[in-house]
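Scroll down for the structure; my scribbles are underneath it.
Here, each number is a calculation from the coordinates, and none is a lab measurement. All figures in this text were calculated on a predicted structure; none of them were measured in a lab. Every residue, glycine as well, gets a Cβ built from its backbone with ideal geometry; the counts of neighbours run over all protein chains shown.
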Amino acid sequence: MRYGQERKQFGKRVGDFQVNSFKLAEAATRIEAARLLLYKACWQRENGQSFGQLAAMAKLYCSEIFRDIAYDMVQIHGGYGLMKEYAIERFFRDQRLLEIGEGTSEIQKLVIARRLGLEPIF
């Protein structure tokens with residue numbers, strides 16, 4: 001957000017261009033949805049309720065939107081998005097670990113499908 005509000009291109013803030021403002025609005029919405037899903041899974045665990053399916057959903061959704069948002073933010077930053085001086089470069093690299101660590105997205109989908117009573121065929 002800060003970069004979109006501070007960086008100017010063609011006399012306007014880059015965040016004011018419609019394509020960028022839509023990316024930022026969508027990112028904010030997806031982050032909030034991810035938080036709610038994660039918080040619900042945590043709440044269920046803390047209250048002694050079954051939380052495995054929601055935890056898998058939260059892991060899957062949070063890691064995949066992080067990937068998508070990191071990609072969009074690198075686009076907004078342009079060439080600066082790949083320079084170590086900007087935090088987005090680190091986010092862009094680190095996001096991949098979240099899709100792999102503690103169970104890949106495919107494993108999370110298997111967990112969710114099985115909790116739905118399905119038996120995915122390999």
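Values computed for the structure shown
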item: Residue order, fewest to most beta carbons within 10 Å, for GLU6, GLU119; result: GLU119, GLU6
item: Approximate spin-label separation ARG96-TYR39, in nm, with each point projected 7 Å along Cα-to-Cβ; result: 3.3 nm
item: Entries of LYS12/LYS40; LYS23/LYS59; LYS12/LYS59 with Cα pairs more than 31 Å apart; result: LYS12/LYS40; LYS12/LYS59
item: In the range 21-122, GluC sites (Glu not before Pro) in a DSSP loop with at most 13 other beta-carbon atoms within 10 Å; result: GLU85, GLU102
item: The range 28-105 - percent relative contact order, Cα under 8 Å, separation 6 or more; result: 24 percent
item: Calculated FRET value between GLN53 and THR29, using beta carbons and R₀ = 25 Å, to 0.05; result: 0.60
item: Viscosity 1.567 mPa s, temperature 4 °C, Stokes-Einstein D of the range 70-122 from Kirkwood C-alpha radius, µm²/s; result: 99 µm²/s
item: Nearest-ten-degree value, helix 52-77 long axis tilted from longest Cα axis of the chain; result: 10 degrees
item: Convex hull per residue volume in Å³, alpha carbons only, for the range 2-115; result: 109 Å³
item: Förster radius 35 Å - calculated FRET efficiency between GLU46 and MET83, Cβ distance, rounded to 0.05; result: 0.30
item: Simple spin-label estimate for GLN9 and PHE22 in nanometres, 7 Å along Cα-Cβ; result: 1.5 nm
